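Notes follow the structure.
The values are calculated or read from the model by the stated rules, or taken from the named source; none is laboratory data. Keep in mind that this is a model prediction, so the values were computed, not measured. FYI the Cβ positions are ideal-geometry reconstructions off the backbone, even for glycines, and counts take in every protein chain you see.
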Amino acid sequence: MLAVSAAAILIRLADAPALAVAFWRSALGVLVLLPFALYRRDTFPLGRALWGGIASGVALGAHFGFWISSLDYTSVAASVVLVCTQPVFVAILAYLVFGERTSPLSFLGILVALAGTLMISSDGSVGSATLFGNALAVLGAVTVAVYVLIGRSLRTTGIGVLPYSIVVYSSAAFTLLPAALYSDTSLWGYSGETWFWLGAITLGPQILGHTVFNWALRYVQASLISATILAEPVVSALLAWLILSEKPGLATLLGGAVVLVGLFCLLRGHRAPPAEPVS
């Protein structure tokens, strides 16, 4: 949870273009995990499972691109709170795609969380581009919801956490690469300090965050892992205040509190809440 919550702060410290950070976070994650998978002689997915992992990675790459870009335009607190509304979109998409029913308490939680996001969107304390940054964060929440839904369907196929993560991270990197090249984003030539922070993002939020959450799903209830999403905005905002001297505006604080209440109701009322909170 600490590793995931530190993602936004590490991204700011890296001082690199958003698409470059998103690309290297995914690509370096593959380089870290691949030797372990080869040493263990893990079996990589084929056929439908492979295509599912690729689709999941495309969604994850889009999530990284949108969410990391949002940090250039809005506060850490607003960005993290908004991207953590992903359970709302998971519940909505699960109903539309799979016909999963939502309990009255969960439906109330969705409405409360959406009301909180509207409050946050009114906070212009960061600057005139805040609304654009908030919109990018919401797009990050929608795309990560797609990633979670695909991941939920693939978990039943018995794919190991390392092969699954390698396929997903590789697909995410290949999704981000053409976007970075098309936008003339430089992917190299950074200072040693920037590479240090890119490495920290890889080992922290990517490996200790994404990969460990995926691994833990085999041993810990999904509802417990999902509940940790409620702590991420609080820890991230606190770290941003202490490290970046970034004090959130009043609308973000009030809206964030409303969103957290909504997410609590949503997760409490959901029999099988979505897992794998991503930042």
Could you check how many residues of the range 44-60 are hydrophobic (A, V, I, L, M, F, W, C) and either in contact with a His (Cβ under 7 Å, 6 or more places away or on another chain) or not in a helix (DSSP H, G or I) (or both)? 2
The listed residue being surrounded by fewer than 16 Cβ atoms within 10 Å (Cβ to Cβ) and farther than 17 Å from V261 by Cβ, out of G57, G47, G65: G47
Report yes if L105 is surrounded by fewer than 16 Cβ atoms within 10 Å (Cβ to Cβ), over 20 Å from the mean Cα position of the chain (by Cα) and more than 30 Å from Y164 (Cβ to Cβ), otherwise no. yes
Condition test on R101, is it in a helix (DSSP H, G or I), more than 12 Å from V142 (Cα to Cα) and among the charged types (D, E, K, R)? no
Looking at (1) surrounded by fewer than 17 Cβ atoms within 10 Å (Cβ to Cβ); (2) closer than 19 Å to G53 by Cβ; (3) at pLDDT below 85, which is the only condition G151 fails? (1)
Taking G133 and the conditions (1) within 15 Å of the chain's Cα centre (by Cα); (2) small (G, A, S); (3) at pLDDT 90 or above, which numbered condition does it fall short on, given that it satisfies the others? (1)
Within the range 186-241, how many residues turn out to be among the hydroxyl-bearing types (S, T, Y), part of a helix (DSSP H, G or I) and at pLDDT below 90? 5
Within the range 169-202, the count of residues that are surrounded by 15 or more Cβ atoms within 10 Å (Cβ to Cβ) and either in contact with an Asp or Glu (Cβ under 8 Å, 6 or more places away or on another chain) or under 15 Å from L10 (Cα atoms) (or both) comes to 8
Can you name every residue in the range 156-168 that is buried (at least 16 other Cβ atoms within 10 Å of the Cβ) and assigned to a helix (DSSP H, G or I)? V161, L162, P163, Y164, S165, I166, V167, V168
Could you check the range 242-273 and list, in sequence order, the residues that are assigned to a loop (DSSP other than H, G, I, E, B) and either of a type outside the set (D, E, K, R) or in contact (Cβ under 8 Å) with a residue 60 or more places away in the chain (or both)? L244, S245, E246, P248, G249, H270, R271, A272, P273
Got a number for residues in the range 18-62 being in contact with an Asp or Glu (Cβ under 9 Å, 6 or more places away or on another chain) and either among the β-branched types (V, I, T) or closer than 23 Å to L181 by Cβ (or both)? 1
